[in-house]
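Q: Let me give you the structure first, and then I'll get to my questions.
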2 protein chains.
Amino acid sequence: MSRLILALDVLEREKAMEIAKKTAPYLYAIKVGWPLVMNAGMDIVREILQFSRVICDFKVADIPNTTRLIVRSAKKYGASGIIVHSFVGRDSVRAAVEEAGDMNVFVVTEMSHPGALDFMQENAKKMVKIALEEGARGIIAPATRPERLREIRKIAGDLLILSPGVGAQGGKARAAIDAGADYIIVGRSIYNASEPEVAARELASIVADGY
Amino acid sequence: MSRLILALDVLEREKAMEIAKKTAPYLYAIKVGWPLVMNAGMDIVREILQFSRVICDFKVADIPNTTRLIVRSAKKYGASGIIVHSFVGRDSVRAAVEEAGDMNVFVVTEMSHPGALDFMQENAKKMVKIALEEGARGIIAPATRPERLREIRKIAGDLLILSPGVGAQGGKARAAIDAGADYIIVGRSIYNASEPEVAARELASIVADGY
């Protein structure tokens, strides 16, 4: 099983489908976000499913009622996972997990960009605790800060750790795995490569068990 | 000018359009969120524009690059405003404001649900400061807690305050205005009413200047 997740942050349906098809053999899942959905519609989720699992990176950050509606819709379109924020509170995470059923919920605890230091980092451990206690399947923690990843791994129990920020944002793939990530999330280094499938295969190999 | 914003949290395009048409004369704007967009596509924004201004309540909570893409798309579809989170950091708010140009950016400082007490409330004043310093047009602060609204008003300078939580969530329309809100945001009490236009007219009158 690959430990590589592709952040498919392109805007055009055709380009998305082409990259999905080429890279899917080397991926655990494809992560789809709002910009692509705004442009191509939610049907893109269903279309990508023919090649790969889809994780909806919707960073849901709303009241419980709205959270439920977003999760329900993602599930209806066949997503295998959805990413939600815990900063908006335990009740919203609980609503997401309840609504998700057998779809996986991943809770953001800390992000890969500089602004994550403003509010998120100091609260990351409390957010990990909420993810554990509310029955999320995993958390999002940054490959750009392996020392943080290591600390979060220690308290994350059985939660899967998905780690963004590898490549264009500066994180190193193998270092993230060695620091405790279960999966790395890579975007630009794959979809902007002249041969995305080659880039995906190489990254998948670097993060494979026994590398 | 009405001080009433309709949170159009229905899922079906036809119902959304019918309610938009009936209530628009009594509204400042219609707020559209992800559940409707997931179901009806971004075209719903353009369609509602024939009746009313549209504020995209996308509670954007992402890295600066993704934030830019979401803001750009909302603008392309003609939204007059977009709602973003500041807990993801100052850099993401800055990216939103830069990308928005003459579209208004509203920054969430505190929300109307119980979970907002977990992390957001203690940081709300810092988030108001970021909204001010980064040139946002306004902030979101809860009608369910008028005492908080009053405190936030004191430090919010020229920022507009949009205040959700009126009606089904327990907030009182006039109390929110008296506590410093410029606009109240109402959903279920209008779109679930047997005559949404009557509910909208009454609420608009309650929050009008000189009531």
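Bear in mind these aren't lab numbers, they're just calculated from the coordinates by the rules spelled out. Since we're looking at a predicted model, the values are computed, not measured. Here Cβ is always computed from backbone atoms with ideal geometry, including for glycine, and neighbour counts include all displayed protein chains.
Q: Which entries in A:Lys129/B:Lys31; A:Lys22/A:Lys172; A:Lys75/B:Lys59; A:Lys59/A:Lys172 show an alpha-carbon gap greater than 25 Å?
A: Details: A:Lys129/B:Lys31 33 Å; A:Lys22/A:Lys172 23 Å; A:Lys75/B:Lys59 20 Å; A:Lys59/A:Lys172 23 Å.
In this structure, A:Lys129/B:Lys31 exceed 25 Å between Cα atoms.
Q: Determine the shielding of peptide B:114-127 by partner chains: average, over its residues, the number of Cβ atoms on other chains within 10 angstrom of each Cβ.
A: Shielding by partners across B:114-127 averages 5.
Q: Shortest first, in nm, what separates the label point of B:Arg150 from those of the same position in the other copies (7 Å along Cα→Cβ)?
A: 5.0
Q: Under the definition of partner shielding as Cβ atoms of other protein chains within 10 Å of a residue Cβ, what is the mean value for peptide B:89-99?
A: Neighbouring Cβ atoms belonging to other protein chains average 3 per residue here.
Q: Listing B:Asp209, B:Asp57, A:Asp178 from the residue with the fewest other Cβ atoms within 10 Å to the one with the most, what is the order?
A: B:Asp209, A:Asp178, B:Asp57
Q: Report, for A:Arg174, each distance to the same residue's label point in the other copies, shortest first and in nm; define the point 7 Å along Cα→Cβ.
A: Result for A:Arg174, in nm, nearest copy first: 7.0.
Q: Still on this model: Between copies, how far apart are the B:Glu202 label points? List them in nm, one decimal, shortest first, with each point 7 Å from Cα toward Cβ, please?
A: Label-point separations across copies, in nm and ascending: 6.6.
Q: Oh, and also: In deg cm²/dmol and to the nearest 500, what is the mean residue ellipticity at 222 nm of chain A if only DSSP H runs of at least 4 residues count, each as -39500 (n - 2.57), divided by the residue total? Kindly include the intermediate steps, with their values, before the conclusion.
A: Values: 10 runs with 93 residues, N = 211.
My calculation for chain A gives -12500 deg cm²/dmol from helical runs alone.
Q: If you count, for every residue in A:25-34, the Cβ atoms of partner chains within 10 Å of its Cβ, what is the mean?
A: Mean inter-chain Cβ contacts per residue within 10 Å come to 2.
Q: Sorted from fewest to most neighbouring beta carbons within 10 Å, what does the list B:Tyr26, A:Tyr183, B:Tyr211 look like?
A: B:Tyr211, B:Tyr26, A:Tyr183
Q: Let me ask something additional. Around B:Pro146, under 9 Å between beta carbons, what's the net of Lys plus Arg minus Asp minus Glu among the other residues?
A: Around B:Pro146, the charge tally is +2.
Q: Shifting gears a bit: Once you've got the GNM for chain B with C-alpha springs shorter than 10 Å, pick whichever of B:Gly81, B:Gly41, B:Gly33 has the biggest mean-square fluctuation.
A: Among B:Gly81, B:Gly41, B:Gly33, the largest GNM mean-square fluctuation belongs to B:Gly41.
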